[in-house]
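Read the figures in this text as sums done on the coordinates, not as results from a lab. If you're wondering where the values come from, they're calculated on a predicted model, not measured in any experiment. In this analysis, Cβ positions are derived from the backbone assuming ideal geometry, glycine residues included, and neighbour counts consider all displayed protein chains.
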Amino acid sequence: MWDKKKRILVVEDNEILLGTMQFVLLREGYDLILAKSGKEALSLVLDESIDLVITDLALPFANGFEIIDRIRKSDTNNQVPVIIISGYHDDNSIVEGFDVGANDYMKKPISPSELISRVRLRIGHA
């Protein structure tokens, strides 16, 4: 029986980091949906079937906290695991991330091998 690839929504406005995550996750066999703004991400979390969300916090048009809040309130994707990847290293941002429903928090700069490890922890192998 053929299993569908696990689908990840990656929300990041930094082109270099987005490209790195895209390269690493595609190499591992995951199916990706990319969004460069909070506005794009908000529409995608309502319209797409997603297995995991990886989001930055500082985004144009809607921040990562708003994205997570929308996910948790959605009818279809409210149980989807969320990993925050952020340049905010302060305790308040980390705590707020978990308070709105994030499952994990990674501080930038990220290690590709750590990213893959955390993705596998949340949704398994591609």
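Results, tabulated for the structure shown:
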quantity	calculated
Backbone HN-Hα couplings from phi across segment 65-82 [Karplus 6.51/-1.76/1.60, Hz, Gly and Pro as x]	4, 5, 5, 5, 4, 5, 4, 5, 9, 6, 7, 9, 10, 5, 9, 5, x, 10
Three-way shape call for the chain based on the alpha-carbon gyration tensor, with the a/c threshold at 1.5	rounded
Simple spin-label estimate for Glu28 and Ile16 in nanometres, 7 Å along Cα-Cβ	2.2
Footprinting exposure proxy for Ser111, Ser37, Ser93 (fewest neighbouring C-beta atoms within 10 Å first)	Ser111, Ser37, Ser93
Extension reserve of the Met106-His125 stretch, reckoned as 0.36 nm per residue once the Cα distance is removed	4.9 nm
Distance in nm between pseudo-label sites at Glu114 and Asp75 (7 Å out along the Cβ direction from Cα)	4.0
Under the Karplus curve 6.51 cos²θ - 1.76 cosθ + 1.60, θ = phi - 60°, whole-Hz ³J(HN,Hα) for segment 20-28, x wherever Gly or Pro sits	5, 5, 4, 4, 5, 6, 5, 4, 7
Residue order, fewest to most beta carbons within 10 Å, for Val95, Val53, Val80	Val95, Val80, Val53
